[in-house]
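Have a look at the structure below before the remarks.
The values are calculated or read from the model by the stated rules, or taken from the named source; none is laboratory data. Here the structure is a predicted model, which means the values were calculated and not measured. Note that each Cβ is placed from the backbone with ideal geometry, even for glycine, and that neighbours are counted across all protein chains shown. Just the protein is used for accessible areas: all its heavy atoms, side chains included, with ligands, DNA and RNA removed. Shrake-Rupley method; radii C 1.70, N 1.55, O 1.52, S 1.80 Å.
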Protein chains: 2
Amino acid sequence: MSNDQIPGYTMGEDSVQEASISMEEFEQLKQSVMFTEEDEEYLQEAGDILESQIDDILDVWYGFVADHDFLVYYFSQPDGEPIDEYLDRVRDRFGQWIRDTCDTPYDEAWLDYQFEIARRHHRTKKNQTDDVDAVPNIDLRYVIAFIYPITATIREFLDDGEHDSDKVDAMYHAWFKSVVLQVTLWSYPYVHDGDW
Amino acid sequence: MSNDQIPGYTMGEDSVQEASISMEEFEQLKQSVMFTEEDEEYLQEAGDILESQIDDILDVWYGFVADHDFLVYYFSQPDGEPIDEYLDRVRDRFGQWIRDTCDTPYDEAWLDYQFEIARRHHRTKKNQTDDVDAVPNIDLRYVIAFIYPITATIREFLDDGEHDSDKVDAMYHAWFKSVVLQVTLWSYPYVHDGDW
């Protein structure tokens, strides 16, 4: 699937607002999660390994959500009915998110898009992209909590039998850093002015 | 050092307000970071291993902060001067935080205290405990970003040569889950009403 076939995916498009922080501030955030140029290379290698497994990875993550009603809730109408079309459209973008996470170095378009992803989780823009009437906000506590499952479950997919465990660990840690970095950016619209 | 000798440490005291969520909501958060009773046991074992190394761990974490001016900033006066007494008092509590992280299961007093820790990072209560005039808020982006260094740096301390790597990994993942869980709770006072 090429990028322009992914429903609602707009990285690099003019419609995406500029990031709320400068590249210099982004650099400090990278330092605070110990993210280096080596991690950029490890993520590129991870991307090559993960590409053919994206559907399987999404099955694991969607399975985890499906197992918990209080998580399915965020893809549901306020009366509690999950919205299949919404789940499907998000799934395509979630697959692309794996590619974008591994497509380093992160440039301004990438940084801008993190703030767009943030708005789409937050009530600022939730549901608009997919024109659905789901609950109005993904509560921040689950956005942060998801750092664990989204990180821990990736390791088995990186361990494809063709890389030694040190290399798998290096890719895994680069992924871990990137997930923390991104969730940090996604918290932006939830937070009181001046507190972020 | 016994608990009542740690400056400003008040877990279990009447002065600590009740948590902003119920134990049932806390249970859902634990599920969302895949935290189980096994993790409680692994954390207890981790606590035994880490106890004698707490000072060394704090040296690593304080060293990481010291290496980055934009992090030292949060322990500094608005004019930029780091406050040594503040750093020292926080250090004692940070050591106790390692013990408390490993002192499972987490009860109501523990949960209440997470929200107290949150307020002490946020401008709600920052600086009050230590009666200092440092900058008024630890910005949330660095609270979240710290999930990585506080997690990744612990593994070498868990690997004491007396446990096989599977056991070390299990303790390490229990620690990782707990750090994500706690940072999630600490984000509470930063967030707009109804968005958390």
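Starting from residues that are part of a loop (DSSP other than H, G, I, E, B) and open to solvent by 10 Å² or more (accessible area, probe 1.4 Å), keep the ones in region B:181-196 and report whichever is farthest from the other protein chains (Cβ to nearest Cβ).
In this case the residue turns out to be B:Asp193.
Please go through region A:163-180 and pick out each residue that is within 30 Å of A:Gln17 (Cβ to Cβ) and facing chain B (nearest Cβ under 7 Å).
Those that are within 30 Å of A:Gln17 (Cβ to Cβ) and facing chain B (nearest Cβ under 7 Å): A:Phe176, A:Lys177, A:Val180.
For B:Asp160, only one of the following conditions fails: (1) among the acidic types (Asp, Glu); (2) touching a strand residue (DSSP E or B) at 6+ places or on another chain (Cβ under 9 Å); (3) more than 9 Å from chain A (Cβ to nearest Cβ). What is its number?
(2)
Filter region A:71-88 for residues that are open to solvent by less than 60 Å² (accessible area, probe 1.4 Å) and touching a residue at least 24 places away in the same chain (Cβ under 8 Å); which is farthest from the chain's Cα centre (by Cα)?
A:Gln77
Name the residue, out of A:Phe176, A:Phe115, that is modelled with pLDDT of 95 or more, surrounded by fewer than 21 Cβ atoms within 10 Å (Cβ to Cβ) and in contact with a Ser or Thr (Cβ under 7 Å, 6 or more places away or on another chain).
Criteria check complete, one pass: A:Phe115.
So, B:Asp139, is that one open to solvent by 20 Å² or more (accessible area, probe 1.4 Å), at positive phi and not basic (Lys, Arg) or not?
Against the criterion (open to solvent by 20 Å² or more (accessible area, probe 1.4 Å), at positive phi and not basic (Lys, Arg)), B:Asp139 does not qualify.
Just checking, does region A:60-68 include any residue being within 14 Å of another protein chain (Cβ to nearest Cβ), under 23 Å from A:Val191 (Cα atoms) and crowded, with 18+ Cβ neighbours inside 10 Å?
There is no residue in region A:60-68 that is within 14 Å of another protein chain (Cβ to nearest Cβ), under 23 Å from A:Val191 (Cα atoms) and crowded, with 18+ Cβ neighbours inside 10 Å.
Which numbered condition in (1) more than 10 Å from every other protein chain (Cβ to nearest Cβ); (2) within 22 Å of B:Asp103 (Cβ to Cβ) is the only one that B:Asp131 fails?
The one condition B:Asp131 does not meet is (2).
A quick yes/no check of all residues on (1) among the aromatic types (Phe, Trp, Tyr); (2) closer than 19 Å to A:Pro136 by Cα:
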{"residue": "A:Asp48", "(1), (2)": "no, no"}
{"residue": "A:Asp55", "(1), (2)": "no, no"}
{"residue": "A:Gln77", "(1), (2)": "no, yes"}
{"residue": "A:Tyr86", "(1), (2)": "yes, yes"}
{"residue": "A:Arg91", "(1), (2)": "no, yes"}
{"residue": "A:Cys102", "(1), (2)": "no, no"}
{"residue": "A:Tyr113", "(1), (2)": "yes, no"}
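Taking the options B:Ile150, B:Ile98, name whichever one is within 21 Å of B:Ser52 (Cβ to Cβ), within 13 Å of chain A (Cβ to nearest Cβ) and β-branched (Val, Ile, Thr).
Testing whether each residue is within 21 Å of B:Ser52 (Cβ to Cβ), within 13 Å of chain A (Cβ to nearest Cβ) and β-branched (Val, Ile, Thr) leaves just B:Ile150.
Could you grab me the full set of residues in region B:69-94 that are within 12 Å of chain A (Cβ to nearest Cβ) and over 28 Å from B:Met11 (Cβ atoms)?
B:Asp69, B:Phe70
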